[in-house]
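Student: The structure is given below, and queries will be raised subsequently.
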Amino acid sequence: MNKKTAGFNVAYIFLAALGVLMVQDWWARSQAVATLPYSQFQQLVREDKVAKVTVSQDQVAGELKEPLNGKTRFVAIRVDSEMAKELDQHGVTYAGRYDSDFVAMLLSWVVPIALFFGVWLLLSRRMAKQLGAGPGGGLMSIGKSKAKVYVETDTKTTFADVAGVDEAKDELKEIVTFLKDPKSYGRLGARMPKGVLLVGPPGTGKTLLAKAVAGEASVPFFSISGSEFVEMFVGVGAARVRDLFEQARAKAPAIIFIDELDALGRARASMPGMSGGHDEKEQTLNQLLVELDGFDPSAGIVLLAATNRPEILDPALLRAGRFDRQVLVDRPDRVGRLAILKVHTQRVVLDEGVKLEDVAALTPGFTGADLANLVNEAALVATRRQADKISMEDFNVAVERIVAGLEKKNRLLNPREREVVAHHEMGHALVAAGLSGTDPVHKISIIPRGIGALGYTIQRPTEDRYLMTREELQSKMAVLLGGRAAEHLVFDHLSTGASDDLSKATEIARSMVTRYGMGEALGPVTYETEPNGYLGELGTRRLYSEATAREIDVAVRELVEGAFQRAAAILTDNRALLDQGASELLARETLAGNELQALLGRVQGDGPRVAAATAAG
């Protein structure tokens, strides 16, 4: 029952009660055949024409011996006897007035009851909404599932709308085959996995894939978030899990999709006293495990779930027989990004000079959601400049907007700060151009962007990378510390402008020592692991002694200092280029394209890497 239907029912009940009272009043009035003035009634009594009477507090009713105007029954409203005598003496015709108690009864009984009922209904609905009751409203629906049900024609999403995750689509296509024809699919005794867990970073298209499966199979699609199961009352979440599976069984074949499963399936505490067995989350998780064990996959129900934090899920949830299969939905590679861009650019107008292959090359690490946002940002940039089509330059501006932040041209720096920032950014660029294994520099600017960034140097990789060597990581640290080295070389000072660079370089060095086994003194040993989800809230544990901790700190410091010295050496060898590039930055604020190529092409180092002018736009 929705709110509109409930409101209609309340109004109907109120009008019905009012109608009953009006009918009763009309019936009482209609039974008095003749209404006589009280003076006429007294005259008839004196003339002995009244057969019998019934006297009440307000009126006299009875029957006449002979019909009066064809009526033998009468009613007369009583008048005070003293007043009646006085009026008789003067020959006045008098009659009482009938004061109906209907209005008084309505105001004293019906209206308060109706008002109380309306207030109670409003408060119960508001409380039910706060407690997470189902779509029907009311306190009795708190335990109902809040899943959004999409019928066969509602999803309107197919595999054609999903690009860049071909391996994941291939894994899910057999689920579609099973839902369309479960009998022929199991002709060799195979059974469909009860649960399929979609794992991947945020924005890679896990929810879109689940909708595409429902759209391809043309079956009802139950969509709910893991956080919608858990409420303040113990037992509500478990009741919603039961109700959800009951609804799905009634509409089988169907798909149940639980988004953000980690909100519901977080690992239970493994140590006594950390969390009681009556905890609401644990009861909800236990009920989900029971439902996964209880339903028959041949009934045509498939459970899909998505999470970007599989490491914190309870091991009992991931064992065989529950979530039998995990499908990785990872960030797309270059070919995948191109396919995603083709999907999202169908709704925009592109210039003839736009090559989506180049846009895909400029966006390594972007997810499907990032690419959709990129296309939208490029369209907004083109709209602001009153263009008819989206150009390649619009995509370049959009990439910089997403990567570096919003350009803040109204932030004014004093001349000294601008000079420091110019040398800082040029230091990054020269070190990157003088080292092998680094990404080419695409653009340098001293226009502030984002939060706290007074300038930026953009590097664009030429290919997708999945492995990095020790030398490449050391070169990356040297590039990060190139700005600090330039400030120290030119101004003989250290400023706060390199705080973010130092943080990133230190993090790389610590990972090299503790996770990758690249510390020469400590050897190929891992001292830091990913947090163990089964420990629940305990997080990581310390796996080394105080002496080892000191060795780790020393090794990290040596790596960072070595990267700084390496950057300082390259800048010392190219001091003239550093001053020249800083001067050009101060004059133009931004360097890119042929100008940047000509400058960085003269850097002396162990392997200059310079972006091509065509890539720079």
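Every number in this text was worked out from the coordinates using simple rules, so none of it is lab data. Only a predicted model underlies this, so the values are computations on that prediction, with no experimental measurement involved. In this analysis, Cβ positions are derived from the backbone assuming ideal geometry, glycine residues included, and neighbour counts consider all displayed protein chains.
Student: Which cross-chain or sequence-distant (5 or more) residues have an amide H under 5 Å from the amide H of GLN59, H modelled 1.01 Å from N in plane?
Tutor: It is ARG78, by chain and number.
Student: Give the relative contact order (percent, whole number) for segment 310-416; include only Cα pairs under 8 Å separated by 6+ residues.
Tutor: Relative contact order comes out at 25 percent.
Student: Place the peptides 314-320, 420-426 in order of packing, highest mean first, counting for every residue the other Cβ atoms within 10 Å and averaging per peptide.
Tutor: The most tightly packed comes first, giving 420-426, 314-320.
Student: While we're looking at this one, here's another question. Order 321-331, 361-371 from most to least packed using the mean count of other Cβ atoms within 10 Å.
Tutor: Packing proxy ranking, top to bottom: 361-371, 321-331.
Student: Additional query: In the structure shown, do any of LYS355/LYS476; LYS180/LYS355; LYS156/LYS180; LYS355/LYS443; LYS156/LYS194; LYS156/LYS251 have a Cα-Cα gap over 28 Å, and if so which?
Tutor: Table pairs above 28 Å Cα-Cα are LYS355/LYS476; LYS180/LYS355.
Student: For Cα pairs less than 8 Å apart in space and 6+ apart in sequence, what is the mean separation divided by the residue count of segment 357-491, i.e. the relative contact order in percent?
Tutor: 25
Student: Rounded to whole Hz and in sequence order, give me ³J(HN,Hα) for segment 365-378 from the Karplus expression 6.51 cos²θ - 1.76 cosθ + 1.60, θ = phi - 60°, writing x for Gly and Pro.
Tutor: With coefficients 6.51, -1.76 and 1.60, one gets x, 6, 8, x, 5, 5, 5, 4, 5, 4, 4, 5, 5, 5 Hz.
Student: Taking H placed 1.01 Å from N in the peptide plane, check which residues at least 5 places from LEU198 or on another chain put their amide H under 5 Å from its amide H.
Tutor: HN-HN under 5 Å from LEU198: ALA305, ALA306, THR307, VAL327.
Student: So, one more: Would you mind pulling out the separation of the Cα centroids of segment 187-261 and segment 487-531, in Å?
Tutor: Here the two parts' Cα centres lie 43 Å apart.
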